[in-house]
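None of the figures in this text is laboratory data; all of them are computed from the coordinates on show. Given the structure is predicted, the values throughout are model-derived calculations rather than measurements. FYI the Cβ positions are ideal-geometry reconstructions off the backbone, even for glycines, and counts take in every protein chain you see.
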Amino acid sequence: DTAVSQTPKYLVTQMGNDKSIKCEQNLGHDTMYWYKQDSKKFLKIMFSYNNKELIINETVPNRFSPKSPDKAHLNLHINSLELGDSAVYFCASSQVQGNTEAFFGQGTRLTVV
Amino acid sequence: QKEVEQNSGPLSVPEGAIASLNCTYSDRGSQSFFWYRQYSGKSPELIMFIYSNGDKEDGRFTAQLNKASQYVSLLIRDSQPSDSATYLCALKTSYDKVIFGPGTSLSVIP
């Protein structure tokens with residue numbers, strides 16, 4: 001039973017399109033994240049939600065909009081996709097209380113053509 | 001100063017040697033430190049965590065933390081070709097954000 005699952009695994013789309021990536025965790029964690037990993041493999045945090053509330057919003061274009069319907073789900077919607085959005089997007093979750101690590105989904109490889 | 005820094009590598013070691021990976025950080029209030037391993041095309045997976053100053057050993061892996069120097073390291077003893085991967089240093093900051101360093105690419109040569 002997958003702890004953090006995200007769909008789709010691969011996404012190829014044209015510039016200007018709007019797309020969504022879904023993420024669900026069954027670990028009972030309070031916090032969920034979206035990370036972007038670029039071609040240089042640097043894993044950069046984009047957003048963090050704690051119990052459905054946005055707590056971290058890094059310098060990300062407002063074309064990216066996270067949505068958390070409940071604390072087990074954090075979806076990422078991207079409007080007007082650009083070539084530079086091509087990357088691997090990882091969803092992760094962790095427990096806020098205590099010193100716990102982040103668990104990752106399998107990643108979504110987004111390719112904008 | 002970047003929040004988490006690592007040598008990007010690549011670091012090459014012969015099979016059976018000790019691989020030493022280093023990480024420095026800027027947020028003095030950080031309390032939790034993690035080492036993740038990421039194989040090409042896969043998601044990061046946790047291999048070690050450390051919260052207190054000193055050493056923590058788990059099998060062939062030893063994590064070392066020095067909060068005064070804002071330094072954390074990972075030693076891999078008896079390195080195996082299967083250890084070849086990118087190693088990501090991560091920490092939970094004083095404001096509960098889990099952030100990552102740029103990663104060190106390790107290659108273990110048979």
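In this structure, the residue pairs whose Cα-Cα separation is over 21 Å, taken from A:36/B:92; A:36/B:97; A:22/B:92; A:44/B:92, are A:22/B:92.
Overall, the protein assembly as shown carries a charge dipole of about 340 debye about its Cα centre when +1 sits on the Cβ of Lys and Arg and -1 on the Cβ of Asp and Glu, all other atoms neutral. Over all directions, the projected convex hull of the C-alpha atoms in the protein assembly as shown averages 12.4 nm² in area. Amide H to amide H, with H built 1.01 Å from N, residue A:106 comes under 5 Å of A:6, counting only residues 5 or more places away or on other chains.
For the residue pairs B:42/B:67; A:52/B:42; A:9/B:56, the alpha carbons lie more than 29 Å apart in B:42/B:67; A:9/B:56. Each Lys and Arg adds +1 at its Cβ and each Asp and Glu adds -1 at its Cβ; summed about the Cα centre, chain B shows a dipole of about 200 debye.
Put a plus charge on the Cβ of each Lys and Arg, a minus charge on the Cβ of each Asp and Glu, and nothing anywhere else: the dipole of the stretch A:28-113 about its Cα centre is then about 180 debye.
Taking the square roots of five times each eigenvalue of the Cα gyration tensor of the stretch B:50-110, the equivalent ellipsoid has semi-axes of 23, 15, 9 Å, listed largest first.
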